[in-house]
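Report on the structure given below.
The values are calculated or read from the model by the stated rules, or taken from the named source; none is laboratory data. Keep in mind that what you see is a predicted model, and the values were worked out from it rather than measured. Neighbour counts are summed over all protein chains in view; Cβ atoms, including those assigned to glycine, are modelled from backbone coordinates with ideal geometry.
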Amino acid sequence: MITAAVAGASGYAGGELLRILSAHPDIDVTVAAAHGNAGERMSTIHPHLRTLHDVVLAATTPEAFDGVDVVFLALPHGASGAFAAQLPDSVRIVDLGADHRLTDAALYAKYYSGAHYGAWTYGFPELAGQRANIAASTRVANTGCYAVAISAALAPLIAAGIADPQDVVVVAASGTSGAGRSAKVNLLGTEVMGDLSAYKVGAHQHVPEILQATGAQTLSMTPILAPMPRGILASVTARPLGGSVSVDDVRAVLAKAYDDEPFIHLLAEGEQPHTAATYGSNSIHLQAHVDISSGRIIVTSAIDNLARGAAAQAVQNANIMLGLNETAGLAIDGVAP
């Protein structure tokens, strides 16, 4: 049995990692670590994790992770770089934070604060060539949640030459868990319920990551906070390149990219992605359109931000790194209602 450690186990992404790994056929979590909640029983932090209810959270120290085969870092942005540097080269690491996603240090400084610790292998297996790169790596940077939903919709269109990389616009709504578990007034239930609000308009930190992953040159993004705990719905629009395109053209490109992928699903014509349909799964649901007024390509995309946008994709990356079945322990089907 492969042994694993989860740092940041008291957070939302950490809890989702523990939920997924607790049912994994080949990986056993031997260390669950936290900072402020170290020493507490799991039942007081994640009462839904009944199989782990007596586990006591360890302190987040390099010594606590001695001897494990794979480490999942579900730490706040800016915290994983220094911590990962203290772990031995022999251990495989999947970082769910942003510290190692960007290759350009100047862009990291522009969109994030703190030191740039250098880029690791980018953990989006379905991007061209990335599955082999992940398999050959001991350090993988998981994608951002918005980034995976948007890049899945956009990358094949740019690679196929039917979408203009200079003219991409995204409007995307996310559930409140995307902001983490720390208490914030604007995330209180009474503040969020019955309300939609835009945030980080034109300056969201996932924009340079999406540009890097897709080959887009410019991207205007408006994120929206939605009154739901989890999920992302993204509307990705791009100007056709080299003349008009049809819906069939767009669908053909997406089908060629993803027909053999177990976790990315191009829905039948007339069906629309729903965030609830992806809950608890590692799936991405896509639909293609061409705007009858502007002629622009529109691809809508839905994911569970805590699963495919964080923990489930981290397990997918770990499976590849460890030479396991890529789908091991991961759900394709969502949970409803």
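Below, the figures for the structure above:
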| quantity | calculated |
| --- | --- |
| Test: residue in region 23-33 that is in a helix (DSSP H, G or I), under 20 Å from the mean Cα position of the chain (by Cα) and surrounded by 15 or more Cβ atoms within 10 Å (Cβ to Cβ) | no |
| Only one of A64, A155, A141, A149 that is surrounded by 18 or more Cβ atoms within 10 Å (Cβ to Cβ), touching a strand residue (DSSP E or B) at 6+ places or on another chain (Cβ under 8 Å) and assigned to a helix (DSSP H, G or I) | A149 |
| Residues (part of a loop (DSSP other than H, G, I, E, B) and either touching a strand residue (DSSP E or B) at 6+ places or on another chain (Cβ under 8 Å) or under 26 Å from A328 (Cα atoms) (or both)) located in region 36-60 | A38, G39, E40, H46, P47, H48, L49, H53, D54, V55, L57, T60 |
| Of residues in region 68-99 being of a type in the set (D, E, K, R) and not in a strand (DSSP E or B), the one surrounded by the fewest Cβ atoms within 10 Å (Cβ to Cβ) | D89 |
| Test for A312: is it outside any loop (DSSP other than H, G, I, E, B), more than 19 Å from I210 (Cα to Cα) and touching a Leu at 6+ places or on another chain (Cβ under 8 Å) | yes |
| Single residue of region 204-255 satisfying the filter (of a type in the set (K, R) and touching a residue at least 60 places away in the same chain (Cβ under 8 Å)) that is surrounded by the fewest Cβ atoms within 10 Å (Cβ to Cβ) | R239 |
| Number of the exception - T176 against (1) modelled with pLDDT under 95; (2) within 14 Å of the chain's Cα centre (by Cα) | (2) |
| Residues located in region 87-106, provided they are closer than 19 Å to Q212 by Cα and out of contact with any Phe, Trp or Tyr (no Cβ under 9 Å at 6 or more places or on another chain) | G97, D104, A105, A106 |
| Some residue of region 230-237 being touching a Phe, Trp or Tyr at 6+ places or on another chain (Cβ under 8 Å), modelled with pLDDT of 95 or more and not in a loop (DSSP other than H, G, I, E, B) | yes |
